[in-house]
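Student: Dumping the structure here so I can ask a few things about it.
The values are calculated or read from the model by the stated rules, or taken from the named source; none is laboratory data. Fair warning: this is a prediction, and the values are worked out from it, not measured in the lab. Cβ placement follows ideal geometry from the backbone for every residue including glycine, while neighbour counts extend to all protein chains displayed. Surface areas here come from the heavy atoms of the whole protein model, side chains and all, with no ligands, DNA or RNA. Shrake-Rupley method; radii C 1.70, N 1.55, O 1.52, S 1.80 Å.
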Amino acid sequence: MADDQRRVRIAILGAGTVGSQVARLLIEQKDDLAQRIGAIPEIVGIAVLDPDEAREDDLPRSLLTSDLGALVAEADIIVELMGGIEPARTVLLRALNGGKSVVTANKALLAAHGPEIYEAADAAGADLYFEAAVAGAIPLVRPVRESLAGDRVKKILGIVNGTTNYVLDEMTTKHLAYDVALKEAQELGYAEADPTADVEGYDAAAKAAILASLAFHMRVRLEDVYREGITEITPHDVAAAAESGHVIKLLAIAERTEAGVCVRVHPALVPLAHPLANVRGAFNAVFIEAEAAGELMFYGKGAGGLPTASAVLGDIVSVARHLAIGGKGPRESNYVDVPVLPLSAARTRFQMRLRVLDQPGVLAKVAAILGKHQVSIEAVRQPPRAAEAPFAHLVISTHEAVEADLDATVDEIRECDVVNAVLSVLRIEGE
Ligand code: NDP
Ligand code: HSE
């Protein structure tokens, strides 16, 4: 039973897509949550930019304020759902330094300024929870940070951005233009305030940095993550992927190898039979390979106000329980000292599409360039949907090769006299 004398004071910073749902659920489910926490969760205020602006939600107007400092001073738990770096960074550091616990969904902030925020939390003995910062509703941070804390994670492979998965899925299944699909994703509340963060891969890179840091017990910074977005993906790429039995997905990949750790985000061809190929719409899915656990898969809604609110509320309950009945969340674990490797060290399979002269000896010339750079060909296809004379299209898939070798190969192929254009080079993952 909740002790009705006891209250946990909660400040919600932000009442946008996520914050408005968190506040609504906290109000509507207050009695249930009080039972689970062992104290009554009380919202002391909700910070917005302009409290007088007309809003679509039904939140009590008396709770709205633009005075972040005063609101934070009143609360025990700060729930940061404003997004962006400032003022979120300054406000959270001040709150943590004052011993207040923090729940945030702000992956951009954690990926850019994680170390100082973790350090402030650890120094003050305050909780720092951020389940919603990676893959929205999917319980993923907690499993990696706590459930797998006794195992050795070897690889993470996942779709961690709902907006880009939605866009690529609509381009694949409904043949929608990129712009139309992106506009839909924004209207559905999946996209970041500036969708560049989604489509250029920054959002996925931030999540990859957070996941890799937790999984490998080290600090992986945003700038350590190789990043490519989906803005260069054309309807031709999508159609060509389908012809070769693949679908294009924006993947986040973090690997621990003998030499160190490599973390990258880029579009990749995923075979149609692979479970990631069937992750539709704004859903996310993440595979984790760990030494003892083997393969694990996490799947669910990676974006949207209500699903994300579920993850935020889970964190609020954990932190509030600690305040009500004792206990502490995990501290940062960053003892591993191995290098973060550049992309050039990664090994992957590739598929390149070329427009070449349709004449004898062309394939031999191209194959010789691949061979020279130690890139082994797995298959070559000349699609019947031929290019206009005098050209043909060649689709070449390779065995696993080192990125640096592939780069050198593509540079030389571009200069080759029988090659009219390198139409695309995409990595193949999940085979
Ligand atoms: P929104 O842009 O919808 O909402 C931001 C809210 O913060 C608004 O209510 C805004 O006020 C308020 N705000 C912004 N700056 C200030 C400030 N300086 N002072 C006071 N209030 C401020 O963002 P989302 O809800 O989409 O995202 C919030 C966080 O959750 C981000 O970190 C995002 O990355 C993360 N996230 C979002 C997901 C999603 O699907 N949308 C999924 C997972 C994580 P006002 O209403 O007046 O404009
Ligand atoms: N914009 C993000 C996405 C929200 O599309 O996945 C969740 O972080």
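Student: Given the DSSP H assignment, sum -39500 (n - 2.57) over each helix run of at least 4 residues in the chain and divide by its residue total; what's the result at 222 nm in deg cm²/dmol, nearest 500?
Tutor: It comes out at -10500 deg cm²/dmol, rounded to the nearest 500.
Student: Rounded if a/c is under 1.5, else prolate if a/b is larger than b/c, else oblate: which is segment 294-334, with a ≥ b ≥ c the root eigenvalues of its Cα gyration tensor?
Tutor: Oblate, since a/c reaches 1.5 and b/c is not below a/b.
Student: With both bridge residues required to lie in the chain, what share of the DSSP beta bridges run antiparallel, to the nearest 5%?
Tutor: Bridges in the chain are about 70 percent antiparallel.
Student: Which value results when the Cα radius of gyration for segment 1-127 is divided by 2.2 N^0.38 Å?
Tutor: Here the answer is 1.04, to two decimals.
Student: To continue, here is another question. For 321, 152, 414, give the ranking by accessible area with the largest first, probe 1.4 Å.
Tutor: 152, 414, 321
Student: Whole-Hz ³J(HN,Hα) for each residue in segment 163-176, computed from phi via Karplus 6.51 cos²θ - 1.76 cosθ + 1.60 with θ = phi - 60°, x for glycine and proline: what do you get?
Tutor: 4, 5, 5, 4, 4, 5, 5, 5, 5, 7, 8, 10, 6, 6
Student: Using θ = phi - 60° and the Karplus form 6.51 cos²θ - 1.76 cosθ + 1.60, what ³J(HN,Hα) does each residue of segment 120-133 get, whole Hz, x for Gly and Pro?
Tutor: Going residue by residue, I get 4, 5, 5, 5, 8, x, 9, 7, 10, 10, 8, 3, 6, 6 Hz, with x marking Gly and Pro.
Student: In nm, give the distance between the simple-model label positions of residue 297 and residue 372, each being 7 Å from the Cα along the Cα-to-Cβ direction.
Tutor: Result for the modelled spin labels: 4.2 nm.
Student: Accessible area per residue of segment 183-292 at 1.4 Å probe, in Å²?
Tutor: 38
Student: Using a 1.4 Å probe over the heavy atoms of the protein chains, calculate the carbon and sulfur portion of the accessible area of segment 301-379 as a whole percent. Kindly include the intermediate steps, with their values, before the conclusion.
Tutor: Values: 2050 of 3780 Å².
Roughly 54 percent, rounded to a whole number.
Student: Once the Cα gyration tensor of segment 346-428 is diagonalised, what are the square roots of 5 times its eigenvalues, in whole Å and ordered largest first, as equivalent ellipsoid semi-axes? Could you put the intermediate results ahead of the total?
Tutor: Numbers: eigenvalues 85, 34, 22 Å².
One finds semi-axes of 21, 13, 10 Å for segment 346-428.
Student: Something else about it: Take each of the peptides 130-142, 215-227, average the number of other beta-carbon atoms within 10 Å over its residues, and list them starting from the highest.
Tutor: 130-142, 215-227
Student: Rounded to whole Å and sorted largest first, list the principal axis extents of the Cα atoms in segment 141-301.
Tutor: 45, 34, 27 Å, listed from the longest principal axis down.
Student: Amide H of residue 251 versus every other amide H placed in the peptide plane: which residues, excluding those fewer than 5 positions away on the same chain, fall under 5 Å?
Tutor: Hits under the 5 Å cutoff: 266, 268.
Student: Cβ neighbours within 10 Å, averaged per peptide: list 194-201, 398-405 in order, most packed at the top.
Tutor: 194-201, 398-405
Student: Also: In debye, nearest 20: dipole of segment 346-428 around its Cα centre with unit charges on the Cβ of K, R (+) and D, E (-)?
Tutor: So the dipole magnitude of segment 346-428 works out to roughly 280 debye.
Student: Oh, and also: Dividing the Cα radius of gyration by the Kirkwood radius, what Rg/Rh value follows for the chain?
Tutor: 1.04
Student: Report the charge-dipole magnitude of the chain in Debye, nearest 20, computed about the Cα centre from +1 at each Lys and Arg Cβ and -1 at each Asp and Glu Cβ.
Tutor: Taking the Cα centre of the chain as origin, the dipole is about 760 debye.
Student: Any idea of residue 62's accessible area? Nearest 10 Å², probe 1.4 Å.
Tutor: 110
Student: Using R₀ = 45 Å, calculate the FRET efficiency as 1/(1 + (r/R₀)^6) where r is the Cβ-Cβ separation of residue 231 and residue 259; round to 0.05.
Tutor: So the FRET efficiency works out to roughly 0.90.
Student: Considering lysine pairs in the chain that are 8 or more places apart or on different chains, how many have Cα atoms under 23 Å apart?
Tutor: 24
Student: Check which residues have an amide H placed less than 5 Å from residue 154's amide H, if you skip close sequence neighbours.
Tutor: Here 289, 290, 291 satisfy the definition.
Student: I'd like the accessible area for residue 178, computed on protein heavy atoms only with a 1.4 Å probe and all protein chains in place. Round to 10 Å², please.
Tutor: 50
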